[in-house]
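Bear in mind these aren't lab numbers, they're just calculated from the coordinates by the rules spelled out. Predicted model, so just to flag it, every value in this text is computed and none were measured. Note that each Cβ is placed from the backbone with ideal geometry, even for glycine, and that neighbours are counted across all protein chains shown.
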Amino acid sequence: MKLDYHPPHLILVHFPSALFPVEFAFAAIGYYRHDLSFSNAAFYVLAAGVLLGWLAAFAGLIDLSRIPKEKATGQRTGLIHGGLNVLVLSGYTVLAILQYKAPEISYATVPQLLLKAFLLLLLIAGNYLGGQLVLKYKIGTLKNDKTQS
């Protein structure tokens, strides 16, 4: 699946990859300054990151299913990349649902901030592997890639 020669997964992954660190920054600022406007902004950024993240995950699953069997190392890397990022996305989804169900948006707690920091570290690791798929194994690229036919 391509949009004008650009695989949708490669387009969509940039949104959650940018939104989740921004959410962490807003949540931390809201906690530090006791400013609910930052906490509110963090929630909306989190919601956008989760929604776009699941779209990216779906597009990535399609790309993963199209990796040729001859690229076994690429398949393994893709599975680890996808597994890590779905784990991260699941964690953020749970946090978003909990915040949504709360009577009102409040400041993040220290344990929540620590969990979000851990999820960001996992996101960095997963995105590193995604970069390996594109740069090293040429998966998702036009040149030398039969996964996007």
Subject >> Rounded if a/c under 1.5, otherwise prolate or oblate - the range 2-79, Cα gyration tensor axes >> reply: prolate
Subject >> Per-residue [θ]222 nm for the chain (sum of -39500 (n - 2.57) over DSSP H runs n ≥ 4, rounded to 500) >> reply: -26000 deg cm²/dmol
Subject >> Distribution of pairwise C-alpha distances over the chain, 5 Å bins, in % >> reply: 2, 10, 19, 21, 15, 11, 9, 7, 4, 2, 0
Original post:
Cα-based count: Lys pairs in the chain below 29 Å, eight or more positions apart or different chains?
Top reply: 17
**OP:** Please identify, among ALA48, ALA57, ALA102, the residue showing maximal mean-square fluctuation in a Gaussian network model of the chain using a 10 angstrom Cα cutoff.
**Re:** ALA102
Subject >> Residues LEU98, LEU113 arranged by fewest to most Cβ contacts within 10 Å >> reply: LEU98, LEU113
Original post:
If you take the charge dipole of the chain about its Cα centre, with +1 on Lys and Arg Cβ and -1 on Asp and Glu Cβ, which of PRO21, HIS81, ALA47 is farthest toward its positive end?
Top reply: HIS81
